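Written below as structure tokens is the structure these notes are about.
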Amino acid sequence: MDNLMMFRNGNTILPIKEVDGEIYFSAEYAAIGLGLCEIKNGKEYVIWKRVKNIFRQKCRKAIISVNRTSTL
């Protein structure tokens with residue numbers, strides 16, 4: 001079942017869609033909502049380098065955490 005939900009926080013709106021139990025969202029909207037953007041010439045741009053660095057850091061920490069708690 002396809003479900004579209006709108007998460008709002010102040011002026012930030014993040015559409016979330018569920019498809020077959022998986023959740024999808026716009027990385028661009030999420031980055032803007034987190035403030036990972038800048039305005040140039042009146043237009044808002046995502047700073048993708050910052051987004052990528054944050055994901056690398058968070059994913060690395062999650063992998064280390066999983067490896068430390070693994071019982072294999």
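Observations, loosely collected:
- Selection status of residue 40, loosely packed, with under 13 Cβ neighbours inside 10 Å, of a type in the set (Lys, Arg) and at pLDDT 85 or above: yes
- Selection within segment 43-72 - more than 29 Å from residue 6 (Cα to Cα) and either modelled with pLDDT of 85 or more or assigned to a loop (DSSP other than H, G, I, E, B) (or both): 70, 71, 72
- Selection of first residues in segment 27-40 that are free of Cβ contacts under 8 Å to residues at least 24 places away in the same chain and of second residues that are in a helix (DSSP H, G or I), restricted to Cβ pairs under 6 Å at least 6 apart or on distinct chains, gives the following pairs, ordered by first then second residue: 31/51; 36/50; 36/51.
- Taking segment 21-37 as the range and being among the hydrophobic types (A, V, I, L, M, F, W, C), over 11 Å from the mean Cα position of the chain (by Cα) and either modelled with pLDDT of 90 or more or on the phi > 0 side of the Ramachandran plot (or both) as the test, only 37 passes.
The values are calculated or read from the model by the stated rules, or taken from the named source; none is laboratory data. These numbers come from a predicted model, not from an experiment. Cβ: placed from backbone, ideal geometry, glycine included. Neighbour counts: every protein chain shown.
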